[in-house]
1. B:Asn142 - would you say it is in contact with a His (Cβ under 8 Å, 6 or more places away or on another chain), open to solvent by less than 20 Å² (accessible area, probe 1.4 Å) and closer than 30 Å to B:Leu353 by Cα?
2. Regarding B:Lys480, is this residue over 28 Å from the mean Cα position of the chain (by Cα), at pLDDT 95 or above and either buried (at least 19 other Cβ atoms within 10 Å of the Cβ) or in a loop (DSSP other than H, G, I, E, B) (or both)?
3. Working carefully through the options A:Val457, A:Val470, A:Val447, A:Val394, find the one that is closer than 30 Å to A:Trp287 by Cα and modelled with pLDDT of 95 or more.
4. If a residue has to be touching a helix residue (DSSP H, G or I) at 6+ places or on another chain (Cβ under 6 Å), within 14 Å of chain C (Cβ to nearest Cβ) and of a type in the set (S, T, N, Q) to count, how many in the range B:25-57 make the cut?
5. Is it true that some residue in the range C:366-376 is in a helix (DSSP H, G or I), small (Gly, Ala, Ser) and open to solvent by 50 Å² or more (accessible area, probe 1.4 Å)?
6. Please determine, by comparing only the residues of the range B:151-204 that are in contact with a Phe, Trp or Tyr (Cβ under 6 Å, 6 or more places away or on another chain), open to solvent by 50 Å² or more (accessible area, probe 1.4 Å) and part of a helix (DSSP H, G or I), which one is nearest to the other protein chains (Cβ to nearest Cβ).
7. So which residues in the range C:304-320 are open to solvent by 40 Å² or more (accessible area, probe 1.4 Å) and part of a loop (DSSP other than H, G, I, E, B)?
Amino acid sequence: MRERMVVAFFIIVFILGAFLSSAYSVDISDATQSCIECHSSVTPGIVGDWKRSVHAAISPEIASKKPNIERRVSAKHFPQALKTYAVGCAECHTMNAASHKDTFEHNGFNVHVVVTPKDCAVCHPVEVEEYKGNLMAHAYGNLHNNTLYQLLVKTTNGSRSYSAQGLFTSSPDLYTNADSCYYCHGTVIEIKGKVTKDTQFGEMMFPVLSGWPNHGVGRINPDSSMGSCTSCHSRHQFSIEMARKPYTCRECHKGPDVPAYAVYSVSKHANIVTSLGKHWNFKGVPWRVGKDFSAPTCAVCHISEIVDNEGEVLIKRTHKMTDRLPWRLLGLIYSHNYSRTPDTDRIKNSMGLQLPTELTGESVSSYLIDEREAELRLSKMKRVCLGCHSTSWVDGHFKRVRHSIKITDQSILTATKIIMDAWKNGICKGPSQGDSPFNEAMEKKWVEAWLFYGNSVRYAAAMAGTDYGVFQNGRWYLNKTIDELWDILIMRTLASKK
Amino acid sequence: MRERMVVAFFIIVFILGAFLSSAYSVDISDATQSCIECHSSVTPGIVGDWKRSVHAAISPEIASKKPNIERRVSAKHFPQALKTYAVGCAECHTMNAASHKDTFEHNGFNVHVVVTPKDCAVCHPVEVEEYKGNLMAHAYGNLHNNTLYQLLVKTTNGSRSYSAQGLFTSSPDLYTNADSCYYCHGTVIEIKGKVTKDTQFGEMMFPVLSGWPNHGVGRINPDSSMGSCTSCHSRHQFSIEMARKPYTCRECHKGPDVPAYAVYSVSKHANIVTSLGKHWNFKGVPWRVGKDFSAPTCAVCHISEIVDNEGEVLIKRTHKMTDRLPWRLLGLIYSHNYSRTPDTDRIKNSMGLQLPTELTGESVSSYLIDEREAELRLSKMKRVCLGCHSTSWVDGHFKRVRHSIKITDQSILTATKIIMDAWKNGICKGPSQGDSPFNEAMEKKWVEAWLFYGNSVRYAAAMAGTDYGVFQNGRWYLNKTIDELWDILIMRTLASKK
Amino acid sequence: MRERMVVAFFIIVFILGAFLSSAYSVDISDATQSCIECHSSVTPGIVGDWKRSVHAAISPEIASKKPNIERRVSAKHFPQALKTYAVGCAECHTMNAASHKDTFEHNGFNVHVVVTPKDCAVCHPVEVEEYKGNLMAHAYGNLHNNTLYQLLVKTTNGSRSYSAQGLFTSSPDLYTNADSCYYCHGTVIEIKGKVTKDTQFGEMMFPVLSGWPNHGVGRINPDSSMGSCTSCHSRHQFSIEMARKPYTCRECHKGPDVPAYAVYSVSKHANIVTSLGKHWNFKGVPWRVGKDFSAPTCAVCHISEIVDNEGEVLIKRTHKMTDRLPWRLLGLIYSHNYSRTPDTDRIKNSMGLQLPTELTGESVSSYLIDEREAELRLSKMKRVCLGCHSTSWVDGHFKRVRHSIKITDQSILTATKIIMDAWKNGICKGPSQGDSPFNEAMEKKWVEAWLFYGNSVRYAAAMAGTDYGVFQNGRWYLNKTIDELWDILIMRTLASKK
């Protein structure tokens, strides 16, 4: 009898413990309580999601009292009203109401739809500040304000119509752009009036937003801030586990123009993560290499703070992802040192093109970080590698990476010389002829050479996802495309001489 | 001493509990017991698989007594012989023996190899009935009885031979078709005699089946029923967890012609599911959004019954997947409202082609659902979205989807006008010239424009997997292909005028 | 009060148990202890990884006392010095020091960087011996010593430069090759001197290795052995769970030239593994079908020892992967029976090309296994299938596989006849003209026909990943490419007659 009681008692303790650990450990503000009252039936998915979040289980004040190495809030002081409550609906969606053009009256609250980095910065100012220096925060302007890139957008997205006069390419409309390039780069969100809707609680007024929905990395928000923390820290759980997993990056980094996830997926690193990751602790702060995890995801190399078993920091957290990156490998004709500042649309080469290199590959150095800074960044990345690898392994790897980048740039130079000859010989029309360098069949082959295949080879080298350096959009296609460009040049040149 | 005994007792209780929970909770029929006796050594994999199934742990009678919202059997009455036993080998494989042409005598039982929807309908009649109205159930006939599609099958699958007379394309043989198109669409399974085999239990007679193995969605079964529940509910665990995961749909929906899974995999939804799904409950019936799961898999949007925290049904379960789909986006030249009935091979356009649109894009409306029905279906889909998203998010999303579909259809119209001109000008031979519209090089470019790239853009818009709308088989390739078609038209037209 | 004490006691027992189960159960040698002292701060990732390994938890002596069916060491006797200690850093990295050209003095130990199959063979001799007979062990020489393949490497990897004289293809350099083909095939690791480096423990001397890092399957090691066990058994956990998961094979088998993982990923098998694998036991030795797992990963079919519920062995473990494979489907022009010996570079066809078939498809039988051996191997593979499937299913499957292989070979013959005519007619230059058969535009189409599309169709048939047999690099592309080759042949032949 006694034993049974003991067992029963033990089971009760267990259940209570489990219950308590998932229940709120902090008060919820009255405002948030009001939101939840309706929204747990209106949008049960996100309410449930939030309930599983750290935001729901801790107040900024308690969070800020953790030892430095465990802290996930970087603010030192918090507004009195927020301090002691869970970070709930109202805390974020009524924050900074005045600066939010999307604020509207909603059941007695001044609510805004779009939560922005400025809002997040109340508790996470260091991360938001770092992110401002990140290329990604400028992804809208870097694309939109670069007239050369806009020519690429036009030939990619502009719809074709066919008439007696010929084939006509329209300028791509806003919806199409929002559904393609700007889906990841970020849209401009503007308030376009108000609309009254019938809801289960009667008629209600809502703002009409253009460019919405969007969670692009460089989104231009109604409070003028840039970016969207939810690109990676998905609403409404804002799970660090999720941000640390590579599937988060996959959303924008899988296509042939920027195949980072694809390349990673065939690396030894991904092999380990996918096979054994289920046994790891993706939530630990600090994040201990060899204890919590034993192979890198994207976050490990590019963002996360990593500590060793004694709690020594191997590398500091950064939300300026270029901090550990010396060279830009993707999206442009040639590799080059990263831009000094994150707004790359201000760069101009000697031809007046908004490119960080000349068409013949030389860097437009005045806009780019110098070799010292590049080496410093590389040394930071190497610190991550050295968590598991010896110096001879790491040095051997990067020697090969540099070589593959160099050779790829040479190959792209060959492709570019061919297209420049084609422009010169009137086979097609390029910038010097006042035309887009991207819109003719031969030019598109040239674009694929660098945008798809050159990038892919460089990425494959950098992340050891070798398939993407050989037959999967790699050297086979790169060199085949150069051969084809050459054949076209020769054939057309001969034809024009007949 | 006492404490030790308590601990020991507790551990024993634990082990017993674990054991009991995995053990059968119902009787197994004598017939099934006979099957297992041999088959646990002959085919241990599937016996073990079945033992983990719900079928092995519950009888139809007990299953049917659950509250409506938890019920997974939809029959009200069950044959007396089945009622109180686990649903085992004999229950399914001797069911409806008389109507099964594949029934054979096997160790004293009348066994059939191919379990069909008719068999499943004994316990799951509602699901089977719904599925009959599903396009998928008709996937065999919809392909096989459409003479136009058969021309596409021929140019895709027909083997090429080379002789003095030229290149010759054979009609694809049955094996090749069963190993390609009909692998997913479903084969016809017929009895082609009997064969005697040596087994570890002596000589045995088995039926010889053509078209076997196959688990295609529109399989024509030996009892004349259509479809195969095991396409998605894989033998022999028939796990609801599996059917709800996107990997089930991946089997047939990944290629460039129907890249649903591929598109999904780069969406935010897939990001959440892949990163956090391991913490979710994929087995719960009812399935509670925000509690059991917090982002959609394929099943969530297209099939599953979803309830909120209070058990209110957001959307009813359906096995007619088109119930929540207004527009068909895939596999055809233009998007269009879904067919009224699932047998699409009966559709004819004004040219007599079995197509739901004219070659110039106008819908053949008499065969298709009207706008009212389309809006009704869309509103069902939106109910799923609204489980997590606000109306402004959902409306914004679908506004963009409609726009991308419209623009894509316009682009495809441009591509089609070019190929129609090519047919008219004798550059290649199309339907009006009594020839296949798919078998020449230029025509294949046109096919890729709609079958691969147009589809991909529409899917990418619908499921927010944007990579597939831009550089990954998206607008870049769609528009490049149109440009190439144009170049061919101009070049050949000029050449013919010389 | 009493109950509380009992609970407290129970919790302590639990914690102790958890601690003990993860702690070392064997002594660590003094030498390894020395390594760990520094390396737990120098490379904490791999030390932590190793601590989770079986190597850290068991000594060879204890491991060897397990019943045969559970044994994971195959040696009968072990060097005295190793016997009773955990298999730690020193045990592997100082093993066989004399035969290791990469041995160097490191803090009083003779350490080598590259652990080789010869080192692993001390405890796992059977596996290493089997692997020696595996094609993979010879992957370096099979590529490097085949002059025909080297022409394919050249056109794939050789960088293009552009000058007044024309387009020039360089011979690919060592770094480029190590970063592409030889990344998977394996590099040659040689000692190129010594280097002194500043470390946190002062100046230290290290060997300089060429071809490093690399873990290719046919790596040529500094002790002259071939291969790298860590290709699949990744350092330093050497997890059997990982080797059994398909992500391990993905690293080298995903690209269009050898899409085994890609094809698998759209199979029903992968669907089951991905959806339900999280509930399985990937660590069990023996590995019980139906109990530990219920659908195959790559390892199940090609390597693992599988037992049924009674512990009866369905199929023996093999590290000679070709043991269960009758036909080679990949990487070559036509399918053919596997080579008798794993060093395929010794094969010569009647034209003197190092190919297992003539250009017209006939097997060079004297080098290949005969039909009896092929059938024996097929019967081994079928034993795996029969763990879950009936004979009629399995026979039906392989009938279709054979047919698809045959038809694909016929199609490739058609493609090859076209290219041979092109060579004969001077449209391009092939082997008979003393030129590479791979380096011209038309030839590259021919290469893609067999290396990408033909392979893909055959793989799709064999592994039931049908998408890859139809529109995803399958019959659509195979037949389209043949049509294009034909068009080129006709067009050029006509042009040359003008």
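1. Details: in contact with a His (Cβ under 8 Å, 6 or more places away or on another chain): yes; open to solvent by less than 20 Å² (accessible area, probe 1.4 Å): yes; closer than 30 Å to B:Leu353 by Cα: yes.
Answer is yes for this residue.
2. Numbers: over 28 Å from the mean Cα position of the chain (by Cα): yes; at pLDDT 95 or above: yes; either buried (at least 19 other Cβ atoms within 10 Å of the Cβ) or in a loop (DSSP other than H, G, I, E, B) (or both): yes.
Taking the combined requirement at face value, the residue satisfies it.
3. A:Val394
4. Count: 1.
5. Let us first name the residues in the range C:366-376 that are in a helix (DSSP H, G or I), namely C:366-367, C:371-376.
Right, trim to small (Gly, Ala, Ser) and you get C:366, C:374.
Narrowing further to those that are open to solvent by 50 Å² or more (accessible area, probe 1.4 Å): C:366.
Yes - at least one qualifying residue is present in the range C:366-376.
6. The extreme case among them is B:His185.
7. Selection gives C:Asn309, C:Glu310, C:Glu312, C:Lys316, C:Arg317, C:Lys320.
A quick yes/no check of all residues on (1) under 30 Å from B:Gln410 (Cβ atoms); (2) among the acidic types (Asp, Glu):
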position: A:Asp173; (1), (2): yes, yes
position: A:Cys181; (1), (2): yes, no
position: A:Lys192; (1), (2): yes, no
position: A:Trp212; (1), (2): yes, no
position: A:Glu241; (1), (2): no, yes
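The values are calculated or read from the model by the stated rules, or taken from the named source; none is laboratory data. As the structure is a computational prediction, the values presented were derived from the model and not from experiment. FYI the Cβ positions are ideal-geometry reconstructions off the backbone, even for glycines, and counts take in every protein chain you see. Areas reflect the complete protein model, heavy atoms only, side chains present, ligands, DNA and RNA absent. Shrake-Rupley method; radii C 1.70, N 1.55, O 1.52, S 1.80 Å.
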